[in-house]
1. The conditions are (1) surrounded by fewer than 21 Cβ atoms within 10 Å (Cβ to Cβ); (2) among the aliphatic types (A, V, I, L, M); (3) farther than 21 Å from K184 by Cα, and I67 fails exactly one of them. Which is it?
2. Answer with yes or no whether L197 is under 18 Å from K147 (Cα atoms), among the hydrophobic types (A, V, I, L, M, F, W, C) and open to solvent by 70 Å² or more (accessible area, probe 1.4 Å).
3. Going through the range 209-255 one residue at a time, which ones are crowded, with 17+ Cβ neighbours inside 10 Å, in a helix (DSSP H, G or I) and either without any contact (Cβ under 8 Å) to a residue 60 or more places away in the chain or in contact with a Gly (Cβ under 9 Å, 6 or more places away or on another chain) (or both)?
4. Inside the range 85-112, can you point out the residues that are touching a residue at least 60 places away in the same chain (Cβ under 8 Å), surrounded by 17 or more Cβ atoms within 10 Å (Cβ to Cβ) and among the polar types (S, T, N, Q)?
5. Taking the range 159-194 only, how many residues are assigned to a helix (DSSP H, G or I), modelled with pLDDT of 95 or more and buried (at least 18 other Cβ atoms within 10 Å of the Cβ)?
6. One residue is enough: does the range 199-208 have a residue meeting the conditions closer than 24 Å to S117 by Cβ and outside any loop (DSSP other than H, G, I, E, B)?
7. Within the range 143-158, restricting attention to residues that are without any contact (Cβ under 8 Å) to a residue 40 or more places away in the chain and within 15 Å of V91 (Cα to Cα), which residue is most open to solvent (accessible area, probe 1.4 Å)?
8. Within the range 40-63, is even one residue acidic (D, E), part of a loop (DSSP other than H, G, I, E, B) and more than 30 Å from E198 (Cα to Cα)?
Amino acid sequence: MTSRTVLVTGGANGIGLGIAQHLGLQGHRLIIADINIDAALDAADKLGDKNIDAVPLGLDVSNAAQIDELPRSIAPLQVDVLVNNAGIQHVSRLEDFPAEKWQQLINIMLVGPALLSKAFLPGMRERNFGRIINVGSLHSLVASPFKSAYVAAKHGLLGFAKTIALETGDCDVTINTLCPAYVKTALVEKQIAAQALENNISEQEVIEKIMLEPMPKKAFIEIDELAETTSFLMSHAARNITAQTLVLDGGWTAR
């Protein structure tokens, strides 16, 4: 595969770092974007130890002015592949959900990907190559109680991807959304405790009854599954795969 420059948001840990490392080992250049610049620096250093070309970038994906400046601030680097991975979670029934927190989740996981895509699309068009890969969720397709903002944002990514796919049909740019069931990351670990509290059950029951019971395969999704799928979507073979929802859910949505 041709070497590409890949920007991964939320790239300093979890799913983002796993995808970045996989792509880096394939020879792609990485921009590790994270709101925590120290974490981005540390991640880039660790990737560098593996002979991976990685540049750290402090980025708040809810800051529209910062995003608008990105193509100029990272020059001469030009982003060929954008992985919209940054995300947060807040578990609460709607009546108790802080309004500013609800807005924050939407800004990070829906508005941010839209503005980042807007920023880099002109360059992708000019070079006639671009891949936008959103990290959605099983919750892009189904809902769970106490996650109204997260579910709304992740559902929104699918409509956004379909629209941009229609707008980019005239060039070699695609946009797709990965929708995994639960991945055992720090974000999910925090959810386990919050879900236990809201549902008045033990943390082990959260894992067994809420996270794994609806899935026929009864297993957490592994980061390498998402990384390999991302790699495929970047390839020439996937040039006509666009507007698609790639569901890695162990059969959850077959019911």
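1. So I67 meets the others, but not (1).
2. yes
3. Of everything in the range 209-255, those that are crowded, with 17+ Cβ neighbours inside 10 Å, in a helix (DSSP H, G or I) and either without any contact (Cβ under 8 Å) to a residue 60 or more places away in the chain or in contact with a Gly (Cβ under 9 Å, 6 or more places away or on another chain) (or both) turn out to be M211, L212, I223, L226, A227, T229.
4. Matches in the range 85-112: N85, S92.
5. 4
6. no
7. Here the residue is A143.
8. There is at least one residue in the range 40-63 that is acidic (D, E), part of a loop (DSSP other than H, G, I, E, B) and more than 30 Å from E198 (Cα to Cα).
The values are calculated or read from the model by the stated rules, or taken from the named source; none is laboratory data. Since this is a predicted model, take the numbers as computed values, not measurements. Here Cβ is always computed from backbone atoms with ideal geometry, including for glycine, and neighbour counts include all displayed protein chains. Remember, those area values only see protein heavy atoms, side chains included, never the ligands or the DNA or RNA. Shrake-Rupley method; radii C 1.70, N 1.55, O 1.52, S 1.80 Å.
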